[in-house]
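The values are calculated or read from the model by the stated rules, or taken from the named source; none is laboratory data. Predicted model, so just to flag it, every value in this text is computed and none were measured. Using ideal geometry, Cβ is built from the backbone for each residue, glycine included, and neighbour counts are taken over all protein chains shown. Accessible surface areas use protein heavy atoms only, side chains included; no ligands, DNA or RNA. Shrake-Rupley method; radii C 1.70, N 1.55, O 1.52, S 1.80 Å.
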Amino acid sequence: MKYTTRQWLMVSCLAVLVLGGCSNVSNYPNNTVSPSTTESEINTLTYTDQQKKEILAAAQKAGVKTVYIPTIGGGPDDSFEDIEVKGNTLILKFLRMAIAQSEEEIGPAVEGGDEKEVQLTDEVTGKWIPENESSVAFLYFKIGDTYLNYSSAKPFIPQEYEASARSMIPLE
């Protein structure tokens, strides 16, 4: 099949648009979004009534009187996925993170010297605590009588987790 110059130009333009628009490569480590992402750019999390009922039932089973849920995800494509109860700890699992909650301390057994304190709200101060033998730290803080621990098995942008932690509201 023989193409005219106009057809070649059209095919070339379409190829550039398609290939350029489909590229999801980033200049940031692990193809994450830019660290300058603002809270308004991070996705808002929503929960169905059924999910809320399941979270409250699991919290009751774990003995967590006041359970907190984030309204902002741990990244632009985050979503709620599952619930787990391990003894007295409720674990909310998301695509990008897990949030453990307990009425008892769930911090690390040994606190290291590399902890970094962060002010989440006027009332809540958190700590970034490195995990042993891991390049990933976790965010640990307390709201009211509930201890919370944000963690991930994969690298993440701390500012996104901090934005999510600031968005925590009690589930009623």
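Would you say P130 is closer than 17 Å to D77 by Cα and not hydroxyl-bearing (S, T, Y)?
Working: closer than 17 Å to D77 by Cα: no; not hydroxyl-bearing (S, T, Y): yes.
Considered against the rule, which asks whether it is closer than 17 Å to D77 by Cα and not hydroxyl-bearing (S, T, Y), P130 comes out as no.
Among the residues of the range 81-104, those that are more than 8 Å from the chain's Cα centre (by Cα) and open to solvent by 30 Å² or more (accessible area, probe 1.4 Å) comprise E81, D82, I83, E84, V85, K86, G87, N88, K93, E103, E104. Selection within the range 133-156: residues that are in contact (Cβ under 8 Å) with a residue 12 or more places away in the chain and of a type in the set (S, T, N, Q). The member of this set that is least open to solvent (accessible area, probe 1.4 Å) is T146. V64 meets all of the listed conditions (1) outside any loop (DSSP other than H, G, I, E, B); (2) open to solvent by less than 30 Å² (accessible area, probe 1.4 Å) but one, namely (1).
Filtered by the rule that a residue be among the charged types (D, E, K, R) and either assigned to a strand (DSSP E or B) or open to solvent by 30 Å² or more (accessible area, probe 1.4 Å) (or both), the range 69-80 gives a lone residue, D77. Applying the criterion of being out of contact with any Gly (no Cβ under 7 Å at 6 or more places or on another chain) and of a type in the set (S, T, N, Q) to the residues of the range 38-53, the residue that is least open to solvent (accessible area, probe 1.4 Å) is Q51.
Here the range 120-132 is the region considered, the condition is being of a type in the set (D, E, K, R) and either open to solvent by less than 90 Å² (accessible area, probe 1.4 Å) or more than 17 Å from Y68 (Cβ to Cβ) (or both), and the residue that is modelled with the highest pLDDT is K127. The residues listed here are L171, L56; of these, the one that is open to solvent by less than 30 Å² (accessible area, probe 1.4 Å) and at pLDDT 95 or above is L171.
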